[in-house]
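Here's the structure, in structure tokens; my notes come after.
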Amino acid sequence: MEKKKNNIILENINNEFLFYENKSNLNILFNRIAFIFFCFVLLCIIYLIQTFHLVNKEINRSINFSSVSLKNHRADIVDFKGQILAKTLLRSVIGINPNLIINEKKLLLNLKIILPDLNLNIIKQKIKKRKFFWLSKKLDQEKINKLRLLGDKSIIFEKEVSRIYPQKKLFSHVIGQIDDSNTGISGLEKSLNDKLKKSKKKVRLTLDSEIQFLVRKELLRAEKFFKNKGSAAILMNVNNGKILSLVSLPDYDLNKRENIKDQRFINRATKAVYELGSTFKTFTLAAGFNENVIEPDTPFLNLKKNIKCGKYPIREYDNNIPSNLTSEEILIRSGNIGSVRIAQKVGVEKFKNFLNKIGILNQIKFDYEEIGKPHSIKWGKCKLATAAFGHGITTTVLQLAKGYAIVTNGGFEINPTLIENNNLKKSKKKILKNKVSEKINPILRKVVSSKDGTAGLADVKGYNVGGKTGTAQKVEGGKYSKIKINTFASIFPANKPKFILVVLLEDTQLSKDYVYNYRNKPGSYKGTPFNTAGWTSVEIAGRIIENIGPILAIKH
């Protein structure tokens, strides 16, 4: 009996032992779960570290972009209303890392679909070199977005500092260009390079984008009908020298950063130097008034149709000009011989000094470097005679505008400028004698308004336009060519001038299709009868004044 009891006890002990053994198995299971959890936590930590690393890298990258942005910063250039003409911003640039390409055929196919102009042969050659290369730096946002959606890791998206010009061609000759190192190489970008880099303050110009557009539009229209190879126009306030519009054609898109070496793209408004013909007769008459040797009604009798200076003849352009004229009639009818007689009364030294005084003869200072230098001349009796009617003497369109501003604004010196506030601290300096402008302005008005004048097509109703035409031949290789330089310098309103508009057309041709609608009398005329300023530049100037007049009246 006792023995049985002992067996039972042993059995219980064995059962208890088995129970504890099962409990140990549960611990092992628990330890496995803990291990898996530990691994999961470890992976999370690794992921977080990697994420932190990437974020930190992106932050550093952003900082680098900020430093690049700061380093390559250029201040905005705006027009007088604040409209942006040049701006610096970060833009997306696209590159390819050949080492990350998974499917080259698929990549090339996608690139060809999105960028049809891409040369795939060049891309293939670059891929073979297994080195990173830029795909393009001039893609629009739509194409960039399409490339992003491909999700191809070999396509690398970066940011770089870029200079953009929203107006494209409109201000190309004025704004100028920068190179790949962010340094100005022409125009205001060059002359204001240090200021644009060091200051974040916008540079405000005197230019009006709306007027600039309208002036350029009319010059392009002139090309359509008169087939001229180039043109220029300057609109300026005669009292302070502020330039509201400066256009030269042909022009170019600033965003393309083209290396312009072709002389066709010369800045005809400020850089090109021309003989400007009879527009100089205004200066001859003004010099006579300034030296008190003539009055508007001073008679010149028995004027010959041609005279000789040395072995060279000087002729009237029109044999129908009367032989007896007053000094004002000489300008109205654009007489050559009469202009010579007036200059002879002034004398060589006084005439030369007068032209120097109004800024015609020597290179002038301006807001950028593309400024022409008038050809030096040897003064004498013959040079005085030819210079009197604008032959054998050169200057720029900008200097012609300056000269006209001075002789019509009361005789006060002005300095043409494109930059707002340049003239605010400068007091007016009178450089011509009293009443020169009072005498010259009504005569310029008669050149436009009278039946004997040469600029009737510019007689825009309500604007009281005055001015003077000039038709000359271009000098090439030291000889006069058949290329015409047709110029019209106009002021308005002539009774109290505020604006000077100079329009120059180079190498014009006759147009059989152009229809002239007379502004000062009923009727129209089809076809250009003469290749002169009176039938080309005057007509374009008249159209410009018609279009910009309402804007000037409201805003300027």
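Structure data summary
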{"read-out": "Residue in segment 214-223 that is over 17 Å from the mean Cα position of the chain (by Cα), at pLDDT 95 or above and assigned to a loop (DSSP other than H, G, I, E, B) present", "value": "no"}
{"read-out": "Scope segment 171-184; condition surrounded by fewer than 22 Cβ atoms within 10 Å (Cβ to Cβ) and closer than 29 Å to Asn547 by Cα; matching residues", "value": "none"}
{"read-out": "Counted residues, segment 140-163 - those being under 21 Å from Glu104 (Cβ atoms) and either touching a residue at least 12 places away in the same chain (Cβ under 8 Å) or basic (Lys, Arg) (or both)", "value": "11"}
{"read-out": "Residue count, segment 185-202 (criterion: under 21 Å from Ile371 (Cα atoms) and surrounded by fewer than 23 Cβ atoms within 10 Å (Cβ to Cβ))", "value": "8"}
{"read-out": "Count - residues of segment 76-96 that are assigned to a strand (DSSP E or B) and either more than 25 Å from Lys143 (Cα to Cα) or of a type in the set (A, V, I, L, M, F, W, C) (or both)", "value": "10"}
{"read-out": "Test: residue in segment 484-505 that is surrounded by fewer than 20 Cβ atoms within 10 Å (Cβ to Cβ), farther than 25 Å from Gly241 by Cβ and among the charged types (D, E, K, R)", "value": "no"}
{"read-out": "The listed residue being touching a strand residue (DSSP E or B) at 6+ places or on another chain (Cβ under 9 Å) and at pLDDT below 95, out of Asn441, Asn434, Asn421", "value": "Asn421"}
{"read-out": "Out of Leu90, Leu139, Leu135, sole residue that is modelled with pLDDT under 90, surrounded by 14 or more Cβ atoms within 10 Å (Cβ to Cβ) and touching a Gly at 6+ places or on another chain (Cβ under 9 Å)", "value": "Leu135"}
{"read-out": "Condition met for Glu218 (surrounded by 22 or more Cβ atoms within 10 Å (Cβ to Cβ), under 20 Å from Asn421 (Cα atoms) and of a type in the set (Asp, Glu))", "value": "no"}
{"read-out": "Residue check, Asn434 polar (S, T, N, Q), surrounded by fewer than 22 Cβ atoms within 10 Å (Cβ to Cβ) and touching a Pro at 6+ places or on another chain (Cβ under 7 Å)", "value": "no"}
{"read-out": "Filter pass, Val161 being under 22 Å from the mean Cα position of the chain (by Cα), at pLDDT 95 or above and either part of a helix (DSSP H, G or I) or not hydroxyl-bearing (Ser, Thr, Tyr) (or both)", "value": "no"}
{"read-out": "2 or more residues closer than 21 Å to Val273 by Cα: qualifying strands (runs of 3 or more DSSP E) within segment 424-528", "value": "466-476, 479-492, 499-506"}
{"read-out": "Positions within segment 63-87 being at pLDDT 90 or above and buried (at least 16 other Cβ atoms within 10 Å of the Cβ), in sequence order", "value": "Arg74, Ala75, Asp76, Ile77, Val78, Asp79, Phe80, Leu85, Ala86, Lys87"}
{"read-out": "So Ile443, is it touching a residue at least 40 places away in the same chain (Cβ under 8 Å), farther than 24 Å from Ile321 by Cα and either of a type in the set (S, T, N, Q) or surrounded by 16 or more Cβ atoms within 10 Å (Cβ to Cβ) (or both)", "value": "no"}
{"read-out": "Top-ranked residue of segment 263-303 - restricted to ones that are part of a loop (DSSP other than H, G, I, E, B) and among the charged types (D, E, K, R), ranked as nearest to Thr386 (Cα to Cα)", "value": "Glu291"}
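Each row is one residue, and each column tells you yes or no for (1) closer than 20 Å to Ser231 by Cβ; (2) touching an Asp or Glu at 6+ places or on another chain (Cβ under 6 Å); (3) free of Cβ contacts under 8 Å to residues at least 40 places away in the same chain.
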| residue | (1), (2), (3) |
| --- | --- |
| Lys461 | no, no, no |
| Val502 | yes, no, no |
| Asp507 | yes, no, no |
| Asn520 | no, yes, no |
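The values are calculated or read from the model by the stated rules, or taken from the named source; none is laboratory data. This one's a predicted model, so the numbers in the text were calculated from it and none came from an experiment. Don't worry about glycine lacking a Cβ; one is built from the backbone with ideal geometry, like all the others, and counts go over all protein chains shown.
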